[in-house]
Amino acid sequence: KAGLDTVRFFDKNSTQCYVASNREFAVVAFRGSEVWKRKGKTDIRVVAADFMTNADFWLTDWPRGGKVHRGFKNALDEVWEELFAYLTDLERDGRKIWMTGHSLGAALATLAADRYGEVQGVYTFGSPRVGNLRFKESYSNRAYRLVNGSDIVTKLPPSSFYMHVG
């Protein structure tokens, strides 16, 4: 009904995202952390993979400037090669790229937008902090961060090392 007639799903160990597109634009949406039961039974391996991604909060170098959360970077790396090729084809055909995600997915959308570079905007919902001050200063995409004031995820990792963008 939204006119997004093409959908492609990317599914790796700890990272899933889909790209929904029409002739004008594409929306890349990253999945947040899975800690609750889906329809059916919970796959403890998926929950554990997300926990390990979130808990791996050591700062690591980011090629476009600054340092970022190592777990988030590694999770994005899982899908990046395939996703990048697909987005490049969509953009070559004239589609504008948008990125979004919730929680862990918001962190991945933030990194993916910075890595890809040519996006129209990034909308995040309940995003944790992703990188250090230098990363924030070098981040050039339009980012819109939506936050529930009592959401603990948006206050992590500690602000002494990490900053929000947008």
### Task
Mind giving me the FRET efficiency for F84 and S150? R0 is 35 Å, r the Cβ-Cβ distance, nearest 0.05 is fine.
0.45
### Task
Have a look at A55, A113, A143 and tell me which one the Gaussian network model of the chain (Cα, springs below 10 Å) gives the largest fluctuation.
A55
### Summary
Taking N as the number of residues in the chain, the ratio of its alpha carbon radius of gyration to 2.2 N^0.38 Å works out to 1.00
### Query
Once label points are set 7 Å from the Cα along Cα→Cβ at both D61 and D77, what is their separation, rounded to one decimal in nm?
1.3
### Query
What net charge is computed for the residues neighbouring P63, neighbours being all others with C-beta under 13 Å from the C-beta of P63, Lys and Arg scored +1, Asp and Glu -1?
+2
### Task
Using a 10 Å Cβ count of at most 13 others and DSSP loop calls, identify the longest part of the chain lacking such GluC sites (Glu not before Pro).
25-117
### Summary
In a Gaussian network model of the chain with springs linking alpha carbons closer than 10 Å, the residue among S138, S127, S14 that fluctuates most is S138
### Summary
Around D89 (Cβ within 13 Å, Cβ-to-Cβ, excluding D89; K/R +1, D/E -1) the net charge comes to 0
### Task
Give the ranking of D56, D50, D89 by solvent-accessible surface, highest area first, calculated with a 1.4 Å probe.
D89, D56, D50
### Local electrostatic count at N141 - Lys and Arg +1, Asp and Glu -1, tallied over other residues with Cβ under 15 Å
+2
## Note on the structure
Using a 1.4 Å probe on heavy atoms of the protein chains only, the accessible area for S140 in Å², nearest 10, reads 90
### Query
Where does each of H102, H164, H69 land when they are ordered by accessible area, with a 1.4 Å probe and the largest first?
H102, H164, H69
### Task
Compute, for T60, the solvent-accessible surface of its heavy atoms (probe 1.4 Å) with the complete set of protein chains present, and express it in square angstrom to the nearest 10.
40
### Potential lengthening between F161 and S140 on full extension [0.36 nm per residue; Cα-Cα distance subtracted]
5.6 nm
#### Entry: Accessible heavy-atom area order of Y162, Y18, highest first, probe of 1.4 Å
Y18, Y162
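The values are calculated or read from the model by the stated rules, or taken from the named source; none is laboratory data. Treat the numbers as computed from the prediction; the structure is a model and nothing was measured. Cβ coordinates were reconstructed from backbone atoms using ideal geometry, including for glycine residues, and neighbour counts include every protein chain displayed. Areas reflect the complete protein model, heavy atoms only, side chains present, ligands, DNA and RNA absent. Shrake-Rupley method; radii C 1.70, N 1.55, O 1.52, S 1.80 Å.
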